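Inspection log for the structure reproduced underneath, given as structure tokens.
The values are calculated or read from the model by the stated rules, or taken from the named source; none is laboratory data. Being a predicted model, the structure only gives us computed values, none of them experimental. Glycine gets a Cβ as well: all are built from the backbone with ideal geometry, and neighbour counts include every protein chain shown. Side chains included, ligands, DNA and RNA excluded: accessible areas come from the protein's heavy atoms. Shrake-Rupley method; radii C 1.70, N 1.55, O 1.52, S 1.80 Å.
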Amino acid sequence: MNSLFKSALLRAIGAGYQSLIRPLVFRLSAQNAHDKAIALLRALDGLPFAAAMAAALHRLTFSDTSTAVGGARLSQRLILAAGLIKGDGFADEEQALLAVRQGRNIMPGWRILPALAGPVELGSFTRYPRLGNPGTVAWRNTATQSTQNRVGLRNPGARAAARFLGEGRSQLPKEFGINIAVSPGAEDIDEQTRHVTESVAFFLDAGVQPSWFTLNLSCPNTEDDPQGHQLEAETRQLCGVVVERLRSEQREIPLWVKIGPCLANEQYRKLMRLFHEVGVKAVVATNTLAQPSPDDRDMQAGVGGGDLFPAALDAVRQLVAEVNRKSYAIDVIACGGIVDGASLREYETLGVKAGQYWSALVYRGPFAAAIIESELAQHEHRLRAFHRKSLA
Ligand SMILES: Cc1cc2nc3c(=O)[nH]c(=O)nc-3n(C[C@H](O)[C@H](O)[C@H](O)COP(=O)(O)O)c2cc1C
């Protein structure tokens, strides 16, 4: 389709979301809106023609920005980040498996969102189910297009998630990642290693072949993991066992690692060296930034969106510099405050090939990725026109 028509359509969709839908959504608290969005995704997953319609809308609105990144080939370079399609929380594994046996949709959005948005990262999944934190766990700061959450890794656990996706594997999207988090509370490195290895094995054994796995080493929203598992020796062991397991597969599936913002430059350097040595293909930088929660200053909650952008950009800058300095074969995937063409451009200028987004869905709507790409394309088009004019 004509790109001018596509960008006009996206401008109209973006303006419609901003002036009609967003004000209605923002009348609700962030928590209430989040709960309603999950309920809507669950309902849409169950409608027979919804995924086909979403795929048609995707074709109408998205342009091909295909890229090879982190050992995977993606049709879009903006990926929906982990944390939205992660599934319901359960008190224990038996209950989660029972829900799967009963045919319940334990992962709202798993069909509709990839059809609409393209590449997605599912999870985080921990080895065992988690109910997450109780009460209000989501907030927003509209002035800076930011989100804050302390969901606390609510998820059905890797075994039930793998069984659920395995049973629906004929309908799995063609491009998706699986994000595995180290279990908060599993203090012992051998226990952590067992959890991570078993989690990966559940998916592979269930016939779920993602385009990539991400190991989430940074979970700021669980009281027992305020620092993230980003220490050198532990990280080497965890990444090492997963890379080994994935290498033993017929089809090569790359390992990505997700890390937190605001680590010391020396720590980023050490992490990059060990990722290179172990064979990690990409680093997602960053997860949210732990800050006092709006309701209780003694509780930490992860900030995403505009308020994360400076810290994430700084982390990406340091990581890219290290990759270039040492010629590591690792891609840095930007995550943090990609909410418009300008923020994406800042990352692109650093040499980043792909990005992940979450808060943009709240502020720009379900077509956020296409809108952001279109804004960037228009900006570059204007820049080229300006240069042509000044040369003439
Ligand atoms: C409600 C919510 C839940 C999240 N849960 C996870 C998660 O389970 N695993 C993870 O790796 N990141 C999780 N994230 C972090 C996002 O994937 C992303 O790293 C972060 O929001 C920064 O991107 P943004 O600035 O585009 O929002 C979550 C974010 C939000 C807002």
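If DNA, RNA and ligands are ignored and the probe is 1.4 Å, what is the ranking of Arg111, Arg11 by accessible area, most exposed first?
From most exposed to least exposed: Arg11, Arg111.
For Asp88, what accessible area in Å² do you get when you roll a 1.4 Å probe over the heavy atoms of the protein chains, rounding to the nearest 10?
It works out to around 30 Å².
For Leu308, what accessible area in Å² do you get when you roll a 1.4 Å probe over the heavy atoms of the protein chains, rounding to the nearest 10?
10
Apply the a/c threshold of 1.5 to the C-alpha gyration tensor of the range 245-392 and tell me whether it is rounded, prolate or oblate. Could you put the intermediate results ahead of the total?
Details: a/c = 1.72, a/b = 1.19, b/c = 1.45.
Since a/c reaches 1.5 but b/c is at least a/b, the shape of the range 245-392 is classed as oblate.
Based on the alpha-carbon gyration tensor of the range 344-392 and its eigenvalue square roots a ≥ b ≥ c, which shape applies: rounded if a/c is under 1.5, prolate if not and a/b is larger than b/c, or oblate?
oblate
Restricting the count to DSSP beta bridges whose residues both fall in the range 3-391, what percent are antiparallel, rounded to a multiple of 5?
Antiparallel bridges make up about 35 percent of those DSSP assigns within the range 3-391.
Would you mind checking which residues have amide H under 5 Å from Leu78's amide H? H placed 1.01 Å from N; only 5 or more apart, or other chain.
It is Gly355, by chain and number.
Tally Lys/Arg at +1 and Asp/Glu at -1 over every other residue whose Cβ is under 12 Å from the Cβ of Gln18; what's the total?
Counting the neighbours of Gln18, the net charge comes to +2.
Can you send over the carbon and sulfur percentage of the accessible area for the chain, probe radius 1.4 Å, protein chains only? Walk me through the intermediate numbers first.
Numbers: 9280 of 16900 Å².
Here carbon and sulfur together make up 55 percent of the probe-accessible area.
With respect to the cross-link table entries Lys86/Lys353; Lys36/Lys353; Lys258/Lys326; Lys174/Lys281; Lys281/Lys326, which display a Cα-Cα separation exceeding 23 Å?
Over 23 Å Cα-Cα: Lys86/Lys353; Lys36/Lys353.
Where the Cα atoms of the chain are projected onto their three principal axes, how long is each span, largest first, in whole Å?
Over the chain, Cα extents along the principal axes are 65, 50, 48 Å.
Mind checking the dipole of the chain: about its Cα centre, +1 per Lys or Arg Cβ, -1 per Asp or Glu Cβ, Debye to the nearest 20?
Result for the chain is approximately 1600 debye, rounded to the nearest 20.
Can you give me the solvent accessible area of Lys353 with a 1.4 Å probe, rounded to the nearest 10 Å²?
For Lys353, the solvent-accessible surface is approximately 90 Å².
Roughly how many Å is it from the Cα centre of the range 335-392 to that of the range 106-156, as a whole number?
Result: 24 Å between the Cα centres.
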